[in-house]
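The values are calculated or read from the model by the stated rules, or taken from the named source; none is laboratory data. All values reported here derive from a predicted model rather than from experimental measurement. All Cβ positions, even for glycine, are placed from backbone atoms using ideal geometry, and neighbour counts span all protein chains on display. Just the protein is used for accessible areas: all its heavy atoms, side chains included, with ligands, DNA and RNA removed. Shrake-Rupley method; radii C 1.70, N 1.55, O 1.52, S 1.80 Å.
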Amino acid sequence: LMESIDICLNEQKIGGVVFDVHSHGGSSYGVKEGADYIFKARSEKPMVAISNSVMASAAAYLGMATSRVYATPSSLTGSIGTAWVHQEESRALTEAGVTTTVFRSPEFKYEGNDVEPLTPAAGSHMAARCEQLTEMFMSDLARYRGVTKDTIKTKYGQGRAVSAADALASGMVDKIATFQEVCEGMRSGSIARSLAQTSGRMEGFVDSAVMHNKLALAML
């Protein structure tokens, strides 16, 4: 993703970038780094994202790092937060006649595995890690979107992915539009001009690049 952004920044014929996002999310690893890279790059060329038709969880982390977020009319956007699913199979293994022994050093090595009952200490650690990731997620979205963290916590779906209309009403997205309308806005320069009016950036671009990454990375 970062390499693709660099290509767009270094190509003079590319005046702006549209992130075509369709992802329910995924792993949290690397997402903050990618989102911060987009946030920094958006000061060099216009960059917008469109929820087309799902921009959820860590895909929202990435997409909301752009200068403006669009949503297609039938889209779902949000799922801001972190989930860590633990599935324990020790009883099923016992019923199948399988005995599992775990040797560990130090005390917490390999805790939270799926062959032993979840210990209170492991459960607390996993819950705390979810909270850490969510705090990072919400703090960054507040910075990207220019709002308070309380706004992210209370108005951005509270963990739910919401409709385009609800996302617009909450401020999670800036406008409802089709993918074709967003691309045409970038090609014509109207998006660049409107961004320039609010940020003081350059306007009048001649071409655009659509990044079909589908942003199938992230999680939260």
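Considering segment 32-86 alone, what residues qualify as being more than 13 Å from the chain's Cα centre (by Cα) and of a type in the set (D, E, K, R)?
Lys40, Arg42, Glu44, Lys45, Arg68
Pull out all pairs, ordered by first then second residue, where Cβ-Cβ is under 7 Å, the residues are six or more apart or on different chains, the first lies in segment 59-85 and is over 20 Å from Thr154 (Cα atoms), and the second is among the aromatic types (Phe, Trp, Tyr) and surrounded by fewer than 21 Cβ atoms within 10 Å (Cβ to Cβ).
Within 7 Å, the pairs are Thr72/Phe179.
Can you confirm whether Asp140 is under 16 Å from Met64 (Cβ atoms), part of a helix (DSSP H, G or I) and either in contact with a Lys or Arg (Cβ under 6 Å, 6 or more places away or on another chain) or at pLDDT 60 or above (or both)?
yes
Return the residues of segment 111-128 that are open to solvent by 90 Å² or more (accessible area, probe 1.4 Å) and under 30 Å from Thr151 (Cβ atoms); say none if nothing qualifies.
Matches in segment 111-128: His125 only.
Select from segment 144-158 the residues that are closer than 11 Å to Ser170 by Cβ, loosely packed, with under 14 Cβ neighbours inside 10 Å and of a type in the set (Ser, Thr, Tyr) and list them in ascending order.
Thr154
Would it be correct to say that Lys175 is open to solvent by 30 Å² or more (accessible area, probe 1.4 Å), in contact (Cβ under 8 Å) with a residue 12 or more places away in the chain and touching a helix residue (DSSP H, G or I) at 6+ places or on another chain (Cβ under 6 Å)?
So Lys175 fails the test.
Need the failing condition index for Arg187 against (1) in contact with a helix residue (DSSP H, G or I) (Cβ under 9 Å, 6 or more places away or on another chain); (2) farther than 30 Å from Glu88 by Cβ, just the number.
Condition not satisfied by Arg187: (1).
Would you mind stating whether Ser27 is surrounded by fewer than 18 Cβ atoms within 10 Å (Cβ to Cβ) and either charged (D, E, K, R) or over 13 Å from the mean Cα position of the chain (by Cα) (or both)?
The answer is no for Ser27.
Tell me whether segment 41-48 contains one or more residues that are of a type in the set (D, E, K, R), closer than 24 Å to Arg143 by Cβ and surrounded by fewer than 16 Cβ atoms within 10 Å (Cβ to Cβ).
Checking segment 41-48: at least one residue is of a type in the set (D, E, K, R), closer than 24 Å to Arg143 by Cβ and surrounded by fewer than 16 Cβ atoms within 10 Å (Cβ to Cβ).
Taking Gly15 as the residue in question, decide whether it is surrounded by fewer than 24 Cβ atoms within 10 Å (Cβ to Cβ), of a type in the set (Gly, Ala, Ser) and closer than 21 Å to Arg193 by Cβ.
Judged against the criteria, Gly15 is a match.
Criterion first (assigned to a helix (DSSP H, G or I) and free of Cβ contacts under 8 Å to residues at least 40 places away in the same chain) does Lys32 satisfy it?
Answer is no for this residue.
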